[in-house]
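Enquirer: Take this structure, written in structure tokens, and hold onto it; I'll ask about it next.
The values are calculated or read from the model by the stated rules, or taken from the named source; none is laboratory data. These figures come from a predicted structure and were not determined experimentally. As a convention, Cβ positions derive from the backbone with ideal geometry for all residues, glycine included, and neighbour counts pool all protein chains shown. What goes into the accessible areas is simple: the full protein's heavy atoms, side chains included, and nothing from ligands, DNA or RNA. Shrake-Rupley method; radii C 1.70, N 1.55, O 1.52, S 1.80 Å.
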Amino acid sequence: MLNLNSKLKELEEKGGKINIGLVGTGQMGRGIVDRVLRMRGMNIPIIANRTIEKARETFELAGISPQNVYEVNTVSQAEKAIQQGKYAVTEDFEIVTKVLPVDVIIEATGVPEVGANTALKSIYNGKHVVMLNVEADVTVGPILKKMADSAGIVYTGSAGDEPGAIKELFDFADSMGFKVVAAGKGKNNPLNREANPDNMRPEAETRGINPRMLTSFVDATNTMVELTAVANATGLIPLCRGLVGPTGAVKDLPKIFSLKEDGGILDKCGVVDFVFGIAPGVFIVVTTDSPVTKQIMSYISLGDGPNYVFYRPYHLVCVETPLSAARAVLYKEPTISPIGAPVAETITVAKKDLKAGEHLDGIGGYTVYGLIDTAENAKKENALPIGLINENTVLKQDVKKGQAISYNMVELENDSTILQLRRIQDKFF
């Protein structure tokens, strides 16, 4: 992110701005708009959301007068409003991806099908894509990245989201030649695989968040998804299905993430995992065989080695997302994106005993949760990625609580965009 402030200041002084189109105005979307409209050299002139009033409210919360916000139903209406220095809201995300003044699209719905659609249309229309939709990214991100590369645009995850924050630490250490032993995040919530929107609703209402979102945090699907994104962007792998999830303080991480013969939990180096006790931070554990570097690390109070921890005690979620948009436009670089074929998958596991004919409800629901595993293991078991599930997914057989669900156990919605992209991805890689 070095010099980004200077670049944005210079752009504004020359009369230019990076124009962002936003899809989704939940808690994250509102935060993005509020921050962008306080930054130099950036603007967010158009929002798409399934309810127009939420989009209008988002602009109003960011200080935009309602008289300057126009509802639009066509690309030409949107472009006219933006050219007049006004702001546009629409229910149609495709309009946002087609508007000429828009340079980059931020997808912030968290809905895999919507995210896949938005990214695909954005790439087709030559717009850079910032995916604050890790659920879609871990399902079809590798093929979307290939498509974006072919189109000469940037496909990236978001700064501030935990995968992006971990990737910044990884790049920092890797560029200096350290060997990365492990990377991960703290888990904010207690782990309860049986969490559902009903038993999470009281806490969700107290915290002002969607009960399904809180459910995905508590049943750990969100953690599995985020660390799948890290694996696919770095080549690090899950140590085991569902991860280990040890407990410890930051100072304990170098010992915890060492080989078993050295008193740690690892069978091998180069893994992702989560830790209870260090939230809301992210970390990497590194090592070096250099006596000189070890001496320096000891001198600066980072320990005697052979492992060292680099820890970031915060991640600013949507507040940092605009930085990825700016970096995509100005530097043509992603914050975090898949490096090729998937390394890991977040597979689908039954949250309770399920019967043939039941509809699955996906991430943050009543029927299933996600567990990370290697892509190799997922392929062997024909395991179903959780991002492919929507309300039209129907079980073809009974499934026991805790059982992994495979493709052949379900009937999927064949005309969904994310499923079509996933089939292309599987053939491509």
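Enquirer: Show me 312-318, 17-23, 338-344, 204-210 ranked by packing, highest mean number of other Cβ atoms within 10 Å first.
Expert: 17-23, 338-344, 312-318, 204-210
Enquirer: Follow-up question, since we're still on this one. From largest accessible area down, sort LYS332, LYS98, LYS251; use a 1.4 Å probe on the protein chains.
Expert: Values: LYS332 120, LYS98 90, LYS251 160 Å².
The residues order as LYS251, LYS332, LYS98, largest area first.
Enquirer: For a quick size check, give me the Cα extents of the range 103-166 along its three principal axes, largest first, whole Å.
Expert: 27, 22, 20
Enquirer: Within the range 217-249, name every residue whose backbone N is under 13 Å away from a label modeled 7 Å from Cα of TYR311 along the Cβ vector.
Expert: 247-249
Enquirer: GNM, the chain, Cα, under 10 Å: largest mean-square fluctuation among ALA119, ALA165, ALA279?
Expert: Judging by the Gaussian network model, the answer is ALA279.
Enquirer: Still on this structure, please answer the following. Of the heavy-atom accessible surface of the range 282-429 (probe 1.4 angstrom), what whole percent is carbon and sulfur?
Expert: 53
Enquirer: Note down the accessible area of LYS380, probe 1.4 Å, to the nearest 10 Å².
Expert: Solvent-accessible area, nearest 10 Å²: 150 Å².
Enquirer: From the C-alpha gyration tensor of the chain, pull out the three semi-axes of the equivalent ellipsoid (sqrt of 5λ each), sorted largest to smallest, in whole Å.
Expert: Numbers: eigenvalues 233, 164, 75 Å².
Semi-axes from the Cα gyration tensor: 34, 29, 19 Å.
Enquirer: Also: Tell me the Rg and the Dmax, in Å, that the Cα atoms of the range 265-420 produce.
Expert: Considering the range 265-420 through its Cα atoms, Rg and Dmax are 21.0, 64 Å.
Enquirer: Spelling out what I want: for every residue of the range 290-296, take phi, set θ = phi - 60°, compute 6.51 cos²θ - 1.76 cosθ + 1.60 (Karplus), and round to whole Hz; glycine and proline get x.
Expert: Once rounded to whole Hz, the list reads 7, x, 5, 5, 4, 5, 5.
Enquirer: Then there is this: Over the chain, give the accessible area per residue in Å² for a 1.4 Å probe, as an integer.
Expert: Each residue of the chain exposes 43 Å² on average to a 1.4 Å probe.
Enquirer: R0 = 45 Å: FRET efficiency of ASN3 with ASP398, Cβ-based, nearest 0.05?
Expert: Efficiency for this residue pair is about 0.20.
Enquirer: If I model a spin label at ALA356 and ILE339 as a point 7 Å from the Cα along the Cα→Cβ vector, what separation in nanometres do I get?
Expert: Inter-label distance under the simple model: 4.4 nm.
Enquirer: If I model a spin label at THR74 and LEU37 as a point 7 Å from the Cα along the Cα→Cβ vector, what separation in nanometres do I get?
Expert: So the label points at THR74 and LEU37 sit 2.7 nm apart.
Enquirer: Ignoring ligands, DNA and RNA, please state the percent of accessible area on the range 1-81 from carbon and sulfur, probe 1.4 Å.
Expert: C and S fraction of accessible area: 45 percent.
Enquirer: If you take the beta carbon distance between LEU259 and GLU10 as r and set R0 to 56 Å, what does 1/(1 + (r/R0)^6) give as a FRET efficiency, to the nearest 0.05?
Expert: FRET efficiency, LEU259 to GLU10: 0.70.
Enquirer: Moving on. Beyond 17 Å, what share of the Cα-Cα pairs of the range 108-215 is found? Please give it as a whole percent.
Expert: Taking all Cα-Cα pairs of the range 108-215, the fraction more than 17 Å apart is 66 percent.
Enquirer: I want to verify the translational diffusion coefficient of the range 310-375 in µm²/s; compute it with Stokes-Einstein, Rh as the Kirkwood radius over Cα pairs, at 20 °C and 1.002 mPa s.
Expert: 136
Enquirer: Rounded, prolate or oblate: which fits the range 30-154 when a ≥ b ≥ c are the square roots of the eigenvalues of the alpha-carbon gyration tensor, with rounded for a/c under 1.5 and prolate only if a/b beats b/c?
Expert: Prolate, because a/c is 1.5 or more and a/b exceeds b/c.
Enquirer: Set Lys and Arg Cβ to +1 and Asp and Glu Cβ to -1, take the dipole of the range 1-139 about its Cα centre, and tell me which of ASN43, LEU2, ALA119 lies farthest positive.
Expert: So the residue furthest toward the plus end is LEU2.
Enquirer: Can you pick out the pairs among LYS146/LYS379; LYS355/LYS400; LYS380/LYS427; LYS146/LYS332 whose Cα atoms lie more than 19 Å from each other?
Expert: As for pairs spanning more than 19 Å Cα to Cα, those are LYS146/LYS379.
Enquirer: Specify, per residue and in Å³, the volume enclosed by the convex hull of the alpha carbon atoms belonging to the range 32-98.
Expert: Roughly 82 Å³ of hull volume per residue.
Enquirer: On to the next question. Under a straight-distance cross-link criterion of Cα-Cα below 26 Å, which lysines are reachable from LYS251, leaving out those fewer than 8 residues away in the same chain?
Expert: Qualifying lysines at Cα under 26 Å: LYS167, LYS179, LYS185, LYS187, LYS260, LYS268, LYS294.
Enquirer: If packing is taken as the average count of other Cβ atoms within 10 Å, what order do 235-243, 370-378, 71-79 fall into, highest mean first? Present the calculation step by step, with values, prior to reporting the outcome.
Expert: Working: 235-243: 19.6, 370-378: 22.1, 71-79: 17.3.
Final packing ranking: 370-378, 235-243, 71-79.
Enquirer: Testing the spin-label approximation: label points 7 Å from Cα along Cα→Cβ at ASP304 and GLU376. State their distance in nm.
Expert: With each label point 7 Å from Cα toward Cβ, the separation is 3.6 nm.
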